[in-house]
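K.L.:
Below you'll find the structure I mean.
The values are calculated or read from the model by the stated rules, or taken from the named source; none is laboratory data. On a predicted model such as this, the values are computed, not experimentally measured, just so you know. As a convention, Cβ positions derive from the backbone with ideal geometry for all residues, glycine included, and neighbour counts pool all protein chains shown.
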Amino acid sequence: MISVQEFLIRTRIEQHLLETWIEAGWLVPPQTEPELMFADVDLARAQLIRDLRDDFGVNDEGISVVLHLIDQMHGLRRSMQGLLEEMRAGGTRTDQH
C-alpha cells in the first residue's frame, strides 16, 4: 500500500488535486481508515489522468469518459478470463430442454 505523501510524490500532483479526483470518483482508494492508502493500480490510474490532462489536454468530461471505458474494458477482460478458465476446466454447459 502507498501512503498519501508517497502517492503525491510519485504522481507529481498536489493534495487538492488528489482530493478533487477522489471526489470525482476517478480514484477510489482501497483503504481510508485509519489513514488513506493507495494501491499500485491507483498510482497507474492517477498517472494516466495526469497524462491525459497535461500531455493531451483532455478536459474533465473527457477524462470521465476515458476512465469509464477503461473500467468497462477491464470488466470485460475479467469476464472473458473467467469464461476461458471455465472452458479449460471442462465446465462448459449446454442448455437441456
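K.L.:
Before we move on, is PHE56 modelled with pLDDT of 95 or more and in contact with a strand residue (DSSP E or B) (Cβ under 7 Å, 6 or more places away or on another chain)?
P.N.:
no
K.L.:
Counting only residues that are surrounded by 11 or more Cβ atoms within 10 Å (Cβ to Cβ) and in a loop (DSSP other than H, G, I, E, B), how many does region 56-79 have?
P.N.:
So the count comes out to 1.
K.L.:
Sticking with this structure for a sec: Are any residues in region 43-55 among the charged types (D, E, K, R) and in a helix (DSSP H, G or I), and if so, which ones?
P.N.:
Answer for region 43-55, where residues must be among the charged types (D, E, K, R) and in a helix (DSSP H, G or I): ARG45, ARG50, ASP51, ARG53, ASP54.
K.L.:
Can you pull out every residue in region 61-82 that is of a type in the set (Gly, Ala, Ser) and either touching a His at 6+ places or on another chain (Cβ under 8 Å) or touching a residue at least 12 places away in the same chain (Cβ under 8 Å) (or both)?
P.N.:
Matches in region 61-82: SER64 only.
K.L.:
Give the residue that is surrounded by the fewest Cβ atoms within 10 Å (Cβ to Cβ), with candidates limited to residues of region 44-54 that are within 9 Å of the chain's Cα centre (by Cα) and not basic (Lys, Arg).
P.N.:
Ranking the qualifying residues of region 44-54, first place goes to ALA44.
K.L.:
Checking THR94 against (1) surrounded by 12 or more Cβ atoms within 10 Å (Cβ to Cβ); (2) modelled with pLDDT under 95; (3) hydroxyl-bearing (Ser, Thr, Tyr): exactly one of these is not met. Which one?
P.N.:
Answer for THR94: the failing condition is (1).
K.L.:
Which residues, taken from region 1-27, are outside any helix (DSSP H, G or I) and either in contact with a Pro (Cβ under 8 Å, 6 or more places away or on another chain) or surrounded by 13 or more Cβ atoms within 10 Å (Cβ to Cβ) (or both)?
P.N.:
Those that are outside any helix (DSSP H, G or I) and either in contact with a Pro (Cβ under 8 Å, 6 or more places away or on another chain) or surrounded by 13 or more Cβ atoms within 10 Å (Cβ to Cβ) (or both): MET1, ILE2, ILE13, ALA24, TRP26, LEU27.
K.L.:
Next up: Among the residues that make up region 35-42, is at least one of them in a loop (DSSP other than H, G, I, E, B) and either charged (D, E, K, R) or under 20 Å from GLU14 (Cβ atoms) (or both)?
P.N.:
Checking region 35-42: at least one residue is in a loop (DSSP other than H, G, I, E, B) and either charged (D, E, K, R) or under 20 Å from GLU14 (Cβ atoms) (or both).
K.L.:
Has region 28-51 got at least one residue that is on the phi > 0 side of the Ramachandran plot and out of contact with any Gly (no Cβ under 9 Å at 6 or more places or on another chain)?
P.N.:
Looking through region 28-51, none of the residues is on the phi > 0 side of the Ramachandran plot and out of contact with any Gly (no Cβ under 9 Å at 6 or more places or on another chain).
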